[in-house]
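A.B. asks: Structure provided below as structure tokens; questions to follow.
Since every read-out is calculated from the coordinates, none of them should be taken as a lab result. Since this is a predicted model, take the numbers as computed values, not measurements. Neighbour counts run over all protein chains shown; Cβ positions are idealised from the backbone, glycine included.
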Amino acid sequence: MKGVLCPSCERNKMTFYYGKWYCSNCHSQSNEAHKQALADYALLINPYINNRQAREFLQLPTSHVTKRILQKANLDSIGATSGRRYRLEYSNLLQVR
């Protein structure tokens, strides 16, 4: 299933708006809800992801927003510009801060 699930109610996909994820069901918001979705992607699909794949999987509006999210997640990257892929490490994505 594509999209970011709400960590609070676990019933609804969240939408990304002005730098945060919002749930229309329980009205919760999160800055890091996408990390669980990326960890799921790493386990179920592929431990590497590019901007286009992340944008489609997380259902984000633009490639620029996707780039910022991937960069803020502090993921190791391979390649440059259009060939860049990010390494999704399950344990790093779900670290407790």
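A.B. asks: When only C-alpha pairs under 8 Å and at least 6 residues apart count, what is the relative contact order of the chain, in percent? Spell out each step's value before the answer.
C.D. replies: On the way: 130 pairs, mean separation 24.1, N = 97.
Taking the mean separation of contacting Cα pairs over the length of the chain, I get 25 percent.
A.B. asks: Ok, one more. Give me the angle, in degrees from 0 to 90, between the Cα long axis of helix 34-44 and the longest principal axis of the Cα atoms of the chain, rounded to the nearest 10.
C.D. replies: Approximately 60 degrees, to the nearest ten.
A.B. asks: Quick one, which of (1) 1.02; (2) 1.13; (3) 1.17 is the actual Cα Rg over 2.2 N^0.38 Å calculated for this model?
C.D. replies: Given (1) 1.02; (2) 1.13; (3) 1.17, the calculated one carries the label (1).
A.B. asks: How much FRET efficiency would the formula 1/(1 + (r/R0)^6) give for SER8 and ILE78, where r is the Cβ-Cβ distance and R0 is 25 Å, rounded to 0.05?
C.D. replies: Working: r = 34 Å, r/R0 = 1.37.
Taking R0 as 25 Å, the efficiency between SER8 and ILE78 is 0.15.
A.B. asks: Turning to a different aspect of this structure: Across region 49-62, in residue order, what do the Karplus-derived ³J(HN,Hα) couplings come to in whole Hz, using 6.51 cos²θ - 1.76 cosθ + 1.60 with θ = phi - 60° and x for Gly and Pro?
C.D. replies: Per-residue couplings from phi come out as 9, 9, 4, 4, 5, 5, 4, 5, 5, 7, 6, 9, x, 9 Hz.
A.B. asks: Can you give me the angle between helix 63-72 and the longest principal axis of the chain, using Cα atoms only, in degrees from 0 to 90, rounded to the nearest 10?
C.D. replies: Result, in degrees: 90.
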